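Undergrad: Okay, here's the structure, questions in a sec.
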Amino acid sequence: MLALARAVTLLVALGATCAYTADTGYLAPPGVPAKEFPSPRRPVAQIVSPTRSNEAHRDSLNEAGEIARFLELKSGMTVGDIGAGSGYHTVRLSRLVGPTGSVVAEDVRRDYLTKLARRTERLRLTNVIFALGEPHDPRLPASSLDVAILVHMYHEITQPYAFLYNLAPALKPGARIGIVDQERPTTEHGTPIELLRCELSAVGYREIATHQLAGDGGYLAVFSPPGEANRKSPGEIIACGNRAGAR
């Protein structure tokens, strides 16, 4: 309980300063174990890098700006950067949500979070909170996020059904989740949109919209999370197969 209370305090203490490198642990108790869920019936890509491509190239495509516009991100929000990696979006979101908002940078790699903590400290970004997750569970406090973004990393989630199930309680009522990926097989570090739709709907998420991003940015698919009443139980979830375009 003490750990959970500390996590909630971090999420609301927006003026806290930068003892960041020590704050890269779990923010919440474990969710439902992975063994309760089906495994994906398609390949899972390995995590090979903390960044997708050169940041200058991504800026030239206005990647962060497009995502912010489509998801209607604004000052004062708490946004989860799930699979934050080197922090391309974390840094830009921190400035966008401002001193009255916060960014929760989540990753399963502690070394990525430690490097990102040092980056945000150098940039004097005081509204970033770091959250270590597990392959099946982001370990985030309940009702803590207005929006969650998963950018070019969904294909690397080894237990997607468990992860999506355990992510849902962290999203506030009316929250949205935005997933950015490429229309290519998971073996080629993408997720075919039909596969994505199938896997999210299997857990109870509802698609709101899909947008094409500029250049080689891929697509942004926006979903609403299932509420407690319509979130499927782990035993009700049926894994999607290659028929959904996994290859």
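Undergrad: How many residues are under 16 Å from residue 98 (Cα atoms) and either touching a residue at least 60 places away in the same chain (Cβ under 8 Å) or touching a Leu at 6+ places or on another chain (Cβ under 7 Å) (or both) when one looks only at the stretch 52-71?
TA: Residues flagged as under 16 Å from residue 98 (Cα atoms) and either touching a residue at least 60 places away in the same chain (Cβ under 8 Å) or touching a Leu at 6+ places or on another chain (Cβ under 7 Å) (or both) within the stretch 52-71 amount to 1.
Undergrad: Can I ask one more? Check every one of the helices (runs of 4 or more DSSP H) wholly within the stretch 54-111 and list those with 1 or more residues that are under 13 Å from residue 129 (Cα atoms).
TA: Once the helices (runs of 4 or more DSSP H) in the stretch 54-111 are filtered for at least 1 residues that are under 13 Å from residue 129 (Cα atoms), what remains is 88-97.
Undergrad: Hey, does the stretch 181-197 have a residue that's under 16 Å from the mean Cα position of the chain (by Cα) and within 26 Å of residue 29 (Cβ to Cβ)?
TA: No: zero hits.
Undergrad: Taking the conditions exactly as written (within 30 Å of residue 142 (Cβ to Cβ), surrounded by fewer than 20 Cβ atoms within 10 Å (Cβ to Cβ) and modelled with pLDDT under 95), does residue 242 satisfy them or not?
TA: no
Undergrad: Restricting to the stretch 89-105, name every residue that is surrounded by 14 or more Cβ atoms within 10 Å (Cβ to Cβ), in contact (Cβ under 8 Å) with a residue 60 or more places away in the chain and in contact with a Ser or Thr (Cβ under 9 Å, 6 or more places away or on another chain).
TA: Listed by number, the residues that qualify are 101, 102, 104.
Undergrad: crowded, with 20+ Cβ neighbours inside 10 Å, touching a residue at least 24 places away in the same chain (Cβ under 8 Å) and on the phi > 0 side of the Ramachandran plot: is that true of residue 133 in this structure?
TA: no
Undergrad: Another one. Surrounded by fewer than 21 Cβ atoms within 10 Å (Cβ to Cβ) and of a type in the set (Val, Ile, Thr): does that describe residue 158?
TA: Against the criterion (surrounded by fewer than 21 Cβ atoms within 10 Å (Cβ to Cβ) and of a type in the set (Val, Ile, Thr)), residue 158 qualifies.
Undergrad: Let me ask another. Going through the stretch 118-154 one residue at a time, which ones are assigned to a helix (DSSP H, G or I) and closer than 29 Å to residue 211 by Cα?
TA: If the condition is that a residue be assigned to a helix (DSSP H, G or I) and closer than 29 Å to residue 211 by Cα, then 154 is the only one that fits.
Undergrad: So, in the stretch 44-84, of the ones that are of a type in the set (Ser, Thr, Tyr) and touching a Ser or Thr at 6+ places or on another chain (Cβ under 7 Å), which residue ends up surrounded by the fewest Cβ atoms within 10 Å (Cβ to Cβ)?
TA: The qualifying residue surrounded by the fewest Cβ atoms within 10 Å (Cβ to Cβ) is 75.
The values are calculated or read from the model by the stated rules, or taken from the named source; none is laboratory data. Values in this document were obtained by computation on a predicted structure and should not be read as measured data. Quick reminder, even Gly has a Cβ in these numbers, built from the backbone with ideal geometry, and neighbours come from all protein chains shown.
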